[in-house]
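Notes follow once the structure below has been shown.
The values are calculated or read from the model by the stated rules, or taken from the named source; none is laboratory data. Predicted, not measured: the structure shown is a model, and the values here were computed from it. Heads up, the Cβs are rebuilt from the backbone with ideal geometry, glycines too, and the neighbour counts pull from every protein chain shown.
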């Protein structure tokens, strides 16, 4: 068996990499400045006759995964699980991804991101829409998966609707719950838009090719959206899963943000079981950006996440 060592490799390459004169930095190269980290902010792909764009609204760094993920299991188990997937066991990033679907007749926005005044590291939707090529005035419909602040924070700017020409879609069960407890952001961001909102029940059609389906548990009226055009399908899953490893490989683990823990477990298994069985791609609000991927059955009661690649463009 060959022993691959650094010295042996250099010798095998004829010593070229070991010659100091060949790797010495020139003055010009030595002065190149550091440019800092960068990440993509939008991603667009076709879906039949539709066009789908995901927009990165920003991210936050939190401690975890435990106890945010795996509330009902031992912290050591969660830490070892994270490390086995090359993830830190003491901190994590949660990103926020908003979706635009252009049907050719309507421009539909799914969720609205954060209020940037409350979360400076996010709330980038309006600026990034300009990069994408759309203005807030272009949005015809805003469909909301649920009413957590990172999904409704972008509905208003300085007390005025961000999307002045839009009508809105939301689950009546979701609205009734949050209005009933007089949630501050819902009262300031959602209630003023009630007259322009269509409140839906368990399942409903948004426009031709886009249907809403109940996936309750994360919140009382949490909703996912099935998109289909030209025989191509996609599911916008909102917060059915909040982490691409912990929520999918371990769907039974309780999540701090889920209001009905077991209801959320049931929705994860139902929604991602359907996606795995049918081979449908999905957009998850908190999946690693650009937040588009697939799941398959991992043989242990959960799912394995695979980020989408070139198959969306074929």
Members of the range 65-117 found to be assigned to a loop (DSSP other than H, G, I, E, B), under 20 Å from the mean Cα position of the chain (by Cα) and closer than 22 Å to residue 138 by Cα, listed by number: 111, 112, 113, 114, 115, 116
Residue count for the range 118-152, restricted to those that are outside any strand (DSSP E or B), closer than 24 Å to residue 242 by Cβ and in contact with a strand residue (DSSP E or B) (Cβ under 8 Å, 6 or more places away or on another chain): 12
Residue that is farthest from the chain's Cα centre (by Cα) [pool: residues in the range 235-247 that are surrounded by 24 or more Cβ atoms within 10 Å (Cβ to Cβ) and over 18 Å from residue 214 (Cα atoms)]: 246
Wholly enclosed strands (runs of 3 or more DSSP E) of the range 175-234 bearing at least 2 residues without any contact (Cβ under 8 Å) to a residue 40 or more places away in the chain and surrounded by 13 or more Cβ atoms within 10 Å (Cβ to Cβ): 197-200, 210-214
Unmet criterion (only one of (1) buried (at least 19 other Cβ atoms within 10 Å of the Cβ); (2) farther than 28 Å from residue 227 by Cβ; (3) touching a residue at least 24 places away in the same chain (Cβ under 8 Å)) for residue 66: (3)
Boolean, residue 52 is at pLDDT 95 or above, touching a helix residue (DSSP H, G or I) at 6+ places or on another chain (Cβ under 9 Å), in a strand (DSSP E or B) and crowded, with 21+ Cβ neighbours inside 10 Å: yes
Conditions (1) surrounded by fewer than 24 Cβ atoms within 10 Å (Cβ to Cβ); (2) over 15 Å from the mean Cα position of the chain (by Cα); (3) not in a helix (DSSP H, G or I); number of the one not met by residue 276: (3)
The lone exception for residue 71 - which of (1) surrounded by fewer than 20 Cβ atoms within 10 Å (Cβ to Cβ); (2) under 30 Å from residue 169 (Cβ atoms) it fails: (2)
Boolean, residue 268 is surrounded by fewer than 19 Cβ atoms within 10 Å (Cβ to Cβ), touching a residue at least 24 places away in the same chain (Cβ under 8 Å), under 17 Å from the mean Cα position of the chain (by Cα) and not in a loop (DSSP other than H, G, I, E, B): no
Hits in the range 156-174 - residues which are in contact with a strand residue (DSSP E or B) (Cβ under 7 Å, 6 or more places away or on another chain) and assigned to a helix (DSSP H, G or I): 172
Search result, residues across the range 249-265 that are part of a helix (DSSP H, G or I) and surrounded by 15 or more Cβ atoms within 10 Å (Cβ to Cβ): 249, 261, 263, 264, 265
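Condition first: exposed (fewer than 10 other Cβ atoms within 10 Å of the Cβ) and either modelled with pLDDT of 95 or more or on the phi > 0 side of the Ramachandran plot (or both). Can you find one or more residues in the range 80-88 that meet it?
In the first step, residues of the range 80-88 are kept if they are exposed (fewer than 10 other Cβ atoms within 10 Å of the Cβ); the result is 86.
Those left that are additionally either modelled with pLDDT of 95 or more or on the phi > 0 side of the Ramachandran plot (or both): 86.
Yes, because at least one residue in the range 80-88 is exposed (fewer than 10 other Cβ atoms within 10 Å of the Cβ) and either modelled with pLDDT of 95 or more or on the phi > 0 side of the Ramachandran plot (or both).
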Filtered residue count, the range 282-306, keeping only those that are without any contact (Cβ under 8 Å) to a residue 60 or more places away in the chain, under 13 Å from the mean Cα position of the chain (by Cα) and either in a loop (DSSP other than H, G, I, E, B) or over 17 Å from residue 239 (Cα atoms) (or both): 0
